[in-house]
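Taking it in order: structure first as structure tokens, then the write-up.
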Amino acid sequence: MTSDLPALISDDLSPEGTPPYLTWTGPPVGTRAPRTAPACPGPRLDLDGPWRFHWAARPGEAPSGFADPGFDDGGWDELPVPAHWQLHGYGRPWYTNIQYPFPVDPPHVPGDNPTGSYRRRFRLGADWLGAVAAGGRVVLRFEGVDSTAAVWLNGGPLGLVVGSRLPAEFDVTAHVREGDNVVAVRVHQWSAAGYLEDQDMWWLSGIFRSVALELLPAGAPSDVVVHADYEPGTGHGLLRVECDVPASVEIAELGLSGRTGEDLPAGPVEPWSAEAPRLYEAVVATETGRVAVAVGFRRVGVDGGVFTVNGREVLLRGVNRHEFHPERGRALTFQDMLDDVLILKRHNVNAVRTSHYPPHPHFLDLCDRHGLYVIDECDLETHGFEAGGWQGNPSAEPMWRDALVDRMRRMVARDRDHPSVVMWSLGNEAGTGAGLAAMYDFAKRADPSRPVHYEGDQETRCSDVWSQMYPATEAVAAVAARSEPPLPDPAQDAARRGKPYLLCEYAHAMGNGPGGLLAYRELMESSDRCMGGFVWEYIDHGLAAADDRGRPIFAYGGDFGESPHDGNFVCDGLMFADRTPSPGMVEYAKVIEPVRVEAAGPGRLRVRNVQDHVGLSHLEFGWTVEAGGVEAGKGTLAVPDLAPWESAELDVPEEAAALAGSDDRFLTVTARLSAATSWAPAGHVVARTQLPLPAPAPAPSPEPVPTGPTAVTPAGARPVREAGGLLRLGSAVFDLTRGELRELAGMPVAGPRLELWRAPTDNDRLGHRPEGATTAAMWEALGLHRLTHRLVSAQEEPGGVVFTVRTAAAGLRDGVLTRYRWRAAGDTLAASISLTPQGAWAFPVARLGWTFELPAALDSVTWLGGGPGEAYADTRAASRFGRHTAAVADLHTPYARPQENGQRLDVAWVEPRGPEGGIRVSGEPRFGFTATRFSPRRLAGTAHQGSLEPEDVLYLHVDLAQRGIGSASCGPGLPGRHEVLLTPATFHLSLSPAAVKRGS
Ligand code: IPT
């Protein structure tokens, strides 16, 4: 291709011109063979920082002659490198998931093709030119440019960068000069390459990863390929280093030395795994230079259909990770990458799929060092062809084949020295075709040591594992039991049956969720065929922006006026965009905790090490006993150093057992790091389990209990009628026209009012049901969001009053009859509530509960029940029983698009309080509560979290039941057991005023 260079990258364009290279479907042009990432023996000149920058709406409007060193860029702006220009005021971000943001007309791209021209001056000293004179070479390296770029140095054309998330290197030895040099880069937002880069993310352009000039001295090692094998049987390592020049190799710590190209037995070594990421430093040296490489001895394999690391079966507890920062987009800093790795390690995650492109190479250094298994995925997705039946799919069209293989070649070349990389992935959602098969073949030839992953081909012709996304638990159960439906081709079926099974994506974490993680964990652990899975996804891609009133929001698709777009489907992470963990992350950390504690009969515990490689000696265990949510005792727990997947039974410590007692006694066992690791300080909690004491109690009965401790005898206060349609009962005042409370002990209290709706979660809103509609649409059809209440009767009784209220939606016949039987005694007011559906009510409702409106001054809540975080029927693993206190503002979970949030489960009583006192609400059976300044209607009607304005009221929802969460926005429907059907129910409620100090 080199001979075509000048024509291909000419910047001499007619005003209407589209440079022909924008429709180039091959590999980059003019670049040198890719090198393995870390090996640079000479000095580096970092070219990051401010560059001169010019933005044009179309290529023809970009300044011509700009590559000329003498060009006057005095009137240009400055743009930092690395960065995306859309996040610095040029053009606009554009979000699409599957659909392309341009016509599917390969390889052509729109004429309106935003074009960035970049210039940067740098000086080279005599030392660089001296090294060149002595035979050294100078390389200009780009780590990532989106989407395509043409590059010049000192006016001389170098070539084209193609492949946004892959490195490109130019040999610029013949172009550099002493003193001033000028590098000029023209970047286009759209190019043929975009057809290969249709990932579900923002389209963001520019030089978004680092640029550097590297000096490779003559005769120095500059491309180092490390093979560091580990033999599980003997525990010995074997090292072989290949290099572009013959060199010596040494690992001083092991007393190992030899030559490149030779097998070097390393003797006994500590192997590398995510749990024990042992690295050794190897030095590769010639007389003119040396490079140091971090070496991890390890062996990855598929043995008898089981995925193994160092001969042991491994379970991947992973996340899909896009590179994202709300201000920087995919231009992450080293600190951002370190933050991600530490967050993942501290949440018990052991694996990352780099969805759907190779990450910044520094991220892999961090995974090596701190211990994460990586599926390194190639920069390839052609999902937008699916809607057209995959017609013209680049994966299958010969003209794209070289480009596909080139992408694989560059990823493997860059990343093959990383022990953390345990598998290559061809890409994501790219259909099937010969191009993918060629990528697979290339990877197997270039690096036989790693299995290859690809999900798009369910026959697994070009994948060493069988990978699926978003299957229902029933389907996973069939695979775990080896009873999945066979493939039509028996040979292919047999081949697939011999491969480990991976969930490359599951548990879609969009908005409130994901639910149901525990069920997947159990299935994955039930069969050695299952090698684990990756939750979709790590982080919300909400961009920092402002709403129309200037309030800060995390923007999603459509917020920049782009069309088409896919809305908030881009906010589906376990982490919020600002890198605070969502409740989903807390839940996931609990579900995948590395050591598990269970009850093993009265007075006995079972402790299980569910790690794959290490024991428990790095952990220390402690216990506490809580009585009614208050700590009653604590101590340490002696746990033997169990081997991976081994378990042991222990007695509950005597001191703890002695504290066993009546209701609400719990034993909490906590496992902490006994010493600091590279990723967390000593004392960091890796696992925590709460068990009823002394014996495991049955889960709280879903059946309402007819009487309970909160029932009040009828010998209470006498009702007294007051002016204005009011009725006084003890310290309570009722509104006789509504059949509701108006006041309690002088505090305004409105309610309880039956509530069957919630602000739809993303899963409620997007998950289609067998009926065809989404859950949220069915609720709307039932009028759940606009229920009205009519007082049917108000009846005074000795010692109380009984209201019967009918609840129904306008235009609809079905309703609910609720009877409230109120009694007062002293300051306590109690109600027996019974509910009778009238009509069919075949469709599940959102919740079955009651809402109170309380003064907004009640700004803090104490409760006895599950906490501290939010929990729903299928997201409750991390919830612990206790006495918790939180500010009302902190009970709210800030999902990017407002929706149902903040419930706490298994609550015996809840007490909202303000400076003037508060109110305690107790219930029987135990209930879920939500205390919030936002009504469901307000949550549902507000597009962005930052635009939510609190109402002048505190809503207290007290729910007998609420729908679970699931993952239906991209996945199976919610299991029926987590739906709420409207059936006759009873509930006992008691209310009493709370003093200012009470409960604190
Ligand atoms: C799947 C994609 O692989 C992923 O990139 C993301 O879009 C995810 O869905 C949803 O957020 S593809 C889906 C159609 C199964």
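A short reminder: the numbers here are calculations on the coordinates, not readings from a lab. The structure presented is a predicted model; accordingly, all values stated were derived computationally and were not measured. Ideal geometry is used to build each Cβ from the backbone, glycine not excepted, and the neighbour counts take in all protein chains shown.
Overview of results
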{"read-out": "Stretchable slack from residue 473 to residue 487, in nm (0.36 nm times residue separation minus alpha-carbon distance)", "value": "3.1 nm"}
{"read-out": "Proximal charge balance of residue 790 [Cβ under 11 Å; K/R count +1, D/E count -1]", "value": "+2"}
{"read-out": "Cα Rg, Dmax (largest Cα-Cα span) when computed across the stretch 593-692, Å", "value": "13.6, 43"}
{"read-out": "Using θ = phi - 60° and Karplus 6.51 cos²θ - 1.76 cosθ + 1.60, couplings along the stretch 847-859 (whole Hz; Gly, Pro as x)", "value": "7, 10, x, 10, 10, 10, 10, 10, x, 5, 5, 6, 10"}
{"read-out": "Residues whose placed amide H lies under 5 Å from that of residue 914, excluding near-sequence neighbours", "value": "859"}
{"read-out": "Under 15 Å from the residue 257 label point (7 Å along Cα→beta-carbon), backbone N, the stretch 286-321", "value": "286-287"}
{"read-out": "Stretch gain in nm, segment residue 797-residue 723, where the contour uses 0.36 nm per residue and the Cα spacing is subtracted", "value": "24.7 nm"}
{"read-out": "Neighbour cut-off at most 13 other Cβ (10 Å), DSSP loop, trypsin sites (Lys or Arg not before Pro), the stretch 510-614", "value": "549"}
{"read-out": "Packing-based exposure ordering (other Cβ within 10 Å, fewest first) of 345, 444", "value": "444, 345"}
{"read-out": "Cβ-Cβ FRET estimate between residue 290 and residue 334, R0 fixed at 25 Å, reported to 0.05", "value": "0.55"}
{"read-out": "Prolate/oblate/rounded call for the chain, Cα gyration tensor, a/c under 1.5 rounded", "value": "prolate"}
{"read-out": "Förster-model FRET efficiency, 25 Å R0, residue 638 and residue 598, C-beta, rounded to 0.05", "value": "0.90"}
{"read-out": "Per residue convex hull volume, Cα atoms of the stretch 5-216, in Å³", "value": "113"}
{"read-out": "Under 5 Å, built H, 5+ apart or other chain: amide partners of residue 665", "value": "628, 693"}
{"read-out": "For the stretch 722-994: relative contact order, % (alpha-carbon pairs under 8 angstrom, 6 or more apart)", "value": "21"}
{"read-out": "Pair residue 399, residue 444: separation of 7 Å Cα→Cβ label points (nm)", "value": "2.9"}
{"read-out": "Pairwise FRET efficiency - residue 544 versus residue 737, Cβ, R0 = 56 Å, nearest 0.05", "value": "0.70"}
{"read-out": "Euclidean distance of C-alpha centroids, the stretch 582-650 and the stretch 505-565, integer Å", "value": "29"}
{"read-out": "Label-zone membership for the stretch 876-911, site residue 827, 7 angstrom Cα→C-beta point, backbone N under 18 Å", "value": "909-911"}
{"read-out": "Phi-based couplings in Hz for the stretch 668-676 (Karplus 6.51, -1.76, 1.60; Gly and Pro marked x)", "value": "10, 10, 10, 10, 10, 5, 7, 9, 5"}
{"read-out": "Packing-based exposure ordering (other Cβ within 10 Å, fewest first) of 127, 376, 336", "value": "127, 336, 376"}
{"read-out": "Sequence of 670, 173 once ranked by neighbouring C-beta atoms within 10 Å, starting from the fewest", "value": "173, 670"}
{"read-out": "Proximal aspartates and glutamates to residue 499, defined as alpha-carbon separation beneath 17 angstrom and excluding residues fewer than eight positions away on the same chain", "value": "303, 313, 455, 457, 459, 464, 484, 489, 525, 528"}
{"read-out": "Vicinal HN-Hα couplings computed from phi for the stretch 540-553 (Karplus, 6.51 cos²θ - 1.76 cosθ + 1.60; Hz; Gly/Pro x)", "value": "4, 9, x, 8, 4, 8, 10, 7, 5, 10, x, 7, x, 9"}
{"read-out": "Expected 222 nm ellipticity per residue - DSSP helices of 4 or more, -39500 (n - 2.57), all of the chain, to 500", "value": "-3500 deg cm²/dmol"}
{"read-out": "Antiparallel bridge percentage (DSSP; both residues within the chain; nearest 5)", "value": "90"}
{"read-out": "Net length gained if the chain between residue 630 and residue 121 were fully extended (0.36 nm per residue, minus Cα distance)", "value": "176.6 nm"}
